[in-house]
Amino acid sequence: MNRLNPKIRAARFSMATATGLALIKLVVGITTGSLAVLSSAIDSLLDIFMSGINYLAIHKAEEPADEKHPFGHGKYETLATIIQALVIASSGGWIIFESIRRLSSGVALARLGQGMSVLLFSALASFCISRYLRRVARETDSSALQADSLHFSMDVYTNLALLAGLVVINFVNIPWLDPVLSLLVACYILFEALRLVRRGLGDVLDEELPEAVRQEVQRLIESHQGDLLDYHNLRTRRAGSQKIMDFHLTVCKHLSVEEAHDIADHLEKRIEQEVRGSDVTIHVEPCRRADCPGREVCATEKTRFSREIAPGDDR
């Protein structure tokens with residue numbers, strides 16, 4: 001495995017920074033007694049767990065296809081996304097339980113200045129981390145890193161909301177606001193967890209790729225209309241960073257096997273160049289017109305692919 005792989009490097013960075021933030025917030029949360037800081041610390045502890053899962057999943061997903069996994073290992077990333085969603089939902093449930101318990105039993109806070117400082121630092125750090133992870137996820141089309149980026153982005157908003165609450169508590173002396181704000185943050189966490197589950201299950205159930213990707217593939221196929229007669233049965237799905245697609249291509253039945261292969265091969269390479277992470281399979285079919293006028297006078301076939309592009313040309 002290439003140690004310079006950007007996805008692996010991003011997963012390691014996420015794991016290291018999550019560890020540092022968790023330790024800082026855990027110490028401050030215990031000393032201040034603030035559920036806001038403690039809930040943020042628990043969230044960061046879960047970040048460590050999820051970043052570790054991401055690292056292992058991405059490392060495995062980058063392995064080439066083998067006998068047991070002929071389509072590759074891309075869905076390890078999808079599995080990591082679903083696990084992250086379940087862990088995020090669990091953290092939200094714990095915060096809701098603890099918020100209700102503290103509202104019932106009373107709240108005692110101390111050293112709020114430390115809590116405010118660590119939440120502000122955590123928000124700034126999470127913002128930088130999420131921007132970095134989002135950029136790498138966009139460049140590599142990694143669903144696991146996108147989920148990790150989303151979680152750190154959530155940390156920015158939740159930490160700022162909790163910080164605002166501690167500021168109000170410090171000046172107005174209403175300690176019950178601490179668990180109330182934590183309760184609101186937990187509801188937001190559960191909402192985002194459901195979104196991640198929805199996305200992960202879409203990949204597991206082989207949901208079609210976004211319409212924009214399908215339209216781009218269709219545009220590339222149709223740009224070869226001079227070389228082919230028709231196409232149909234376009235199917236797409238995702239496996240981690242891989243975009244897997246296949247379709248049927250109809251060509252003149254008088255083409256040689258080599259000529260038909262050259263058309264399909266050229267189109268596969270063109271799609272894989274234009275659509276990052278695509279894995280294309282084309283099934284070639286002969287035209288079955290009963291009134292075929294012959295290859296040389298067919299009005300549909302306007303160009304002769306084999307005469308313009310030599311075998312192996314990928315332009």
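Some points to look at:
- Residue count, segment 1-42 (criterion: within 21 Å of the chain's Cα centre (by Cα) and either hydroxyl-bearing (Ser, Thr, Tyr) or at pLDDT 70 or above (or both)): 14
- The listed residue being within 24 Å of residue 12 (Cα to Cα), in the same structural domain as residue 29 (by TED's automatic domain parsing) and either in a loop (DSSP other than H, G, I, E, B) or at pLDDT below 75 (or both), out of 123, 144, 108: 144
- Of the criteria (1) modelled with pLDDT of 85 or more; (2) farther than 29 Å from residue 203 by Cβ; (3) charged (D, E, K, R), which one residue 272 fails: (2)
- Residue check for residue 22: in the same structural domain as residue 145 (by TED's automatic domain parsing), free of Cβ contacts under 8 Å to residues at least 60 places away in the same chain and buried (at least 23 other Cβ atoms within 10 Å of the Cβ): no
- Residue within segment 171-193 that is modelled with pLDDT under 80, within 18 Å of the chain's Cα centre (by Cα), at positive phi and not in a helix (DSSP H, G or I) present: no
- Among the residues making up segment 215-247, those that are in contact with a strand residue (DSSP E or B) (Cβ under 6 Å, 6 or more places away or on another chain) and among the charged types (D, E, K, R) are 230, 235, 237, 243, 246.
The values are calculated or read from the model by the stated rules, or taken from the named source; none is laboratory data. Just so you know, these numbers come straight off a predicted model, no measurement behind them. Every residue, glycine as well, gets a Cβ built from its backbone with ideal geometry; the counts of neighbours run over all protein chains shown.
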